[in-house]
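Below: the structure, in structure tokens.
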Amino acid sequence: MEAKAQARYVRVTPMKARRVVNEIRGKRVEDALDLLEFAPQAVARDVLKIVESAVANARYAADQASERFDEDDLKIVEAYVDEGPTMKRIQPRAQGRANRILKRTSHITVVVGDEQKGA
């Protein structure tokens, strides 16, 4: 059984988020949660919450389908980061000029599933 969790409009650049998401892709959920808990990147907290949400969604789906649920059997099947809308801001510069500041956002998606079916 697969379950998905998604966080949209996360205020972090997609490049920074991909560094963290690439580390957990394909790992068992338990290992990914340990890795994310101690990762120094700030976005690791957001990704941790998304993985926990995906596990909770899998637990709920298993309960609804009256299937057996074991969190130890779950692994991260898919994890990817898409670019969200960019907020454009202006910073004043010398002699009446202006620089554009791009505040990027990300859409982070994590899909968890059974190890037996995924392998």
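The values are calculated or read from the model by the stated rules, or taken from the named source; none is laboratory data. This structure is a prediction, so every number in the text was calculated from the model and none was measured. Virtual Cβ from ideal backbone geometry, glycine too; neighbours counted across all protein chains shown. Note: areas computed on protein heavy atoms with side chains; ligands, DNA, RNA excluded. Shrake-Rupley method; radii C 1.70, N 1.55, O 1.52, S 1.80 Å.
On the stretch given as region 52-64, residues that are within 27 Å of residue 23 (Cα to Cα) and open to solvent by 90 Å² or more (accessible area, probe 1.4 Å) total 3. Residue-level check: of (1) at positive phi; (2) open to solvent by less than 40 Å² (accessible area, probe 1.4 Å); (3) of a type outside the set (S, T, N, Q), residue 24 misses just (1).
Looking at region 2-15, which of its residues are over 13 Å from residue 104 (Cα atoms) and part of a strand (DSSP E or B)? Answer for region 2-15, where residues must be over 13 Å from residue 104 (Cα atoms) and part of a strand (DSSP E or B): 3, 4, 5, 6, 7. For region 27-48, filtering for residues that are in contact (Cβ under 8 Å) with a residue 60 or more places away in the chain, open to solvent by 50 Å² or more (accessible area, probe 1.4 Å) and closer than 21 Å to residue 9 by Cβ leaves 1. Close contacts from region 49-76, counting a first residue that is over 15 Å from residue 115 (Cα atoms) and a second that is small (Gly, Ala, Ser) and in a helix (DSSP H, G or I), with Cβ to Cβ under 6 Å and a gap of 6+ residues or different chains, come to 51/32.
When you look at residue 18, is it within 17 Å of residue 113 (Cα to Cα), part of a helix (DSSP H, G or I) and of a type in the set (Lys, Arg), yes or no?
Numbers: within 17 Å of residue 113 (Cα to Cα): no; part of a helix (DSSP H, G or I): yes; of a type in the set (Lys, Arg): yes.
Considered against the rule, which asks whether it is within 17 Å of residue 113 (Cα to Cα), part of a helix (DSSP H, G or I) and of a type in the set (Lys, Arg), residue 18 comes out as no.
The set of residues from region 33-62 being part of a helix (DSSP H, G or I) and either at pLDDT below 95 or over 11 Å from the mean Cα position of the chain (by Cα) (or both) comprises 33, 34, 35, 37, 55, 56, 57, 58, 59, 60, 61, 62.
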